[in-house]
Every structure is written in C-alpha cells, then in structure tokens.
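Comments concern the structure below.
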Amino acid sequence: MNNQNIIYYTNRILRKLKTLEFKTFLIGIVSGNEKNDEVEKPFKQNVGEILEQKLNKKVDFKEPDVLILINPKTKKIDYQIKPLYFFGRYQKLAAGIPQTKWKRKKFKTSVQEEIGKTLLKITKGKDHSFHGCGREDIDVTTVGEGRPFVIEITDPKIRSFDVKEAEKKINKNSKLVKVKNLSFTTKEKIKEIKLATPEKIYEAEVDLEKETSKKELKNACNLLSNIVVNQQTPTRVLRRRYDLLRKKKIYYFKLKKFDPKNPIFEIKTESGTYIKELVSGDNGRTKPSLSEILNQKAVIKKLMVKKVIL
C-alpha cells in the first residue's frame, strides 16, 4: 500500500476518532490472506504512528479502547469500541418491576433500564446489558446495602467522568431504583458475581389461614432455624427450570413482629433458597415449611431482601 493509501485511510480514521474519547487504539487489516502480511504490517505501523502523533494516543496490542479494522478490498473501516463496565449495588424500592428489560414490553421499566438510561446519556453509548448477583422476583423489593450488579455500556463515546456524580444522577432520575458504591470495573467482575453464592437475609410478612398464637409461631421459628430443608423446584418456575431436589441451609427463622394473622419474620438462608416455598410448602415440594409445621395454609404477603452478604 502506497503513501496515498496511508493518507486516505488516516484522514478518514481521524475524522471518526474526533467524535470519540479514548486513550488507546489498534489498527487491524481484514484481508483473509496471510501472504499480504509483508505489505500490511508496515501499512498498519505507518497509520498507527501517524495517529499516535496527531492524536497523542497510544497503540495497545492487548486491550485497546478502539480497534480499527480496515478492509482494503471494500475500503470499509469498522470501529470496535471497548465497552464500559460498572459495578455497584442496587436497591429496588417498589415491587412490580423486573431486574432486566424484557424483549416484549410487558413492564414499563426495569432495574436495568432505571440505571442504564442515565449511564447511556453520560457515556453517549449505544446500549446496555445487565448482570445481577442473583435476582429477586418481580413482586419482591431489595433494601439495605442492595444487590451487587454489573452493567455494561456498549459503544461509549465518553469514557472518563466522575462516577460518583453519575451515581447521584441515577438516584435523582429514578424513584424506583437507587444505586450505591458505583465504580468502574472490568468484564471479569461479571463472572465473579455470577459464580458468587451469597447468604441472604429476608423480611417476610406472612398471611396465615387462621389466627395463631405467639407461642406457636415461636415454636415454628425454632423448628425452622439451623436446619437443612429439601426443596423440589417450585411449581411456579417449572416451565423454565429443571425439576431438581435442592438441599438448602436455613440459618435462622425469627419472629420479628407478632400478629395472629399477619406476622413478620426475618429469615437468613443459603444462596438459592426459595423463600416463598419455605413458607407455603408448595404442596409438599418444600419440606419442612412454615405451612407444614403450623398445619395451615401460609403464604407470603410481602417479601423484602434486606441484605445480600457478598
């Protein structure tokens, strides 16, 4: 490739890169022919050196912010922009919204969208994807320090900004979701939180079929504390999950507020425990359960994740 080609491609790339904020880049050639390497290598070096000088940026062969792919045959230039990753914890203050956005717009919003919409404006990114450390049901809230998450912003044009100010903007723009401890992170953090098995503390308001004494409820709490329960996959999720038997540790089951029909309990469990079924029994698919011990129908009226211990 001659000097004219170098000038042609360099000028095109410079025009595009002026719209992006980045620190490092890498030039690649799409040809599909290894025999052209002797010609392509010096071309890439020349273009790279010119860009380094004119933009005061550095070539990075491992993880560039922008990968520039030139196709000499079609004269097309593709730009692969490294995503931005943010780690934090979220509180979901209202029931009725899912953790992630649905392809079919069944819900007006989600935790992902409440956080992502502000970050897209700040970064001028294209889209976002969300990775939670587990998830709560749509009708469950999350409070306290919140649930850990990573959100990924694709094709960001802005890469450097005050992340604490971004956190404040997210919290100001949303009445449903609040964020804590937001920080830049890497793709590896996604795997870390997905493989994590944090213990959880819940607050559950229960609706009992008949009035029950404080003594009976405390006895049930004792029987449900420091034990391992058997949980067959709940009937409510059988359509999308394998029918398996899981053994889950219940660390404690405490009576937090007594009411003969609507008591409130605090429950600490192993990761992956189905709390609704621990209360209802799910027609015998979870054993033992609060319903089984009290010998009456018991269902959760309101459930809140108080703490995710990571």
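The values are calculated or read from the model by the stated rules, or taken from the named source; none is laboratory data. In this text, all values refer to a predicted model and were calculated from it rather than measured experimentally. Please note: Cβ atoms are built from the backbone with ideal geometry, for glycine as well, and neighbour counts cover all protein chains shown.
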- [ ] Would you list the strands (runs of 3 or more DSSP E) that sit entirely within the stretch 209-310 and hold 3 or more residues that are buried (at least 16 other Cβ atoms within 10 Å of the Cβ) and β-branched (Val, Ile, Thr)?
- [x] 264-269, 298-309
TODO: Quick one: which residue in Phe25, Phe86 is under 30 Å from Leu310 (Cα atoms), surrounded by 14 or more Cβ atoms within 10 Å (Cβ to Cβ) and either assigned by TED's automatic domain parsing to the domain that holds Arg147 or touching a strand residue (DSSP E or B) at 6+ places or on another chain (Cβ under 8 Å) (or both)?
DONE: Phe86
Open item on the list: Ala196 - would you say it is among the aliphatic types (A, V, I, L, M), exposed (fewer than 15 other Cβ atoms within 10 Å of the Cβ) and in contact with a strand residue (DSSP E or B) (Cβ under 9 Å, 6 or more places away or on another chain)?
Closed with: yes
Task: Checking Gln53 against (1) part of a loop (DSSP other than H, G, I, E, B); (2) of a type outside the set (Phe, Trp, Tyr); (3) surrounded by fewer than 14 Cβ atoms within 10 Å (Cβ to Cβ), the condition it does not meet - done: (1)
TODO: Give the stretch 133-179 a look and list any residue that's part of a loop (DSSP other than H, G, I, E, B), of a type in the set (Asp, Glu) and either over 16 Å from the mean Cα position of the chain (by Cα) or closer than 10 Å to Ile115 by Cβ (or both), or say none.
DONE: Asp139, Asp155, Asp162
- [ ] Return yes when Gly116 is in a loop (DSSP other than H, G, I, E, B) and in contact with a Lys or Arg (Cβ under 9 Å, 6 or more places away or on another chain) and no when it is not.
- [x] no
Open item on the list: Can you confirm whether Leu120 is in contact with a strand residue (DSSP E or B) (Cβ under 6 Å, 6 or more places away or on another chain) and either in the same structural domain as Thr273 (by TED's automatic domain parsing) or within 18 Å of Pro83 (Cβ to Cβ) (or both)?
Closed with: no
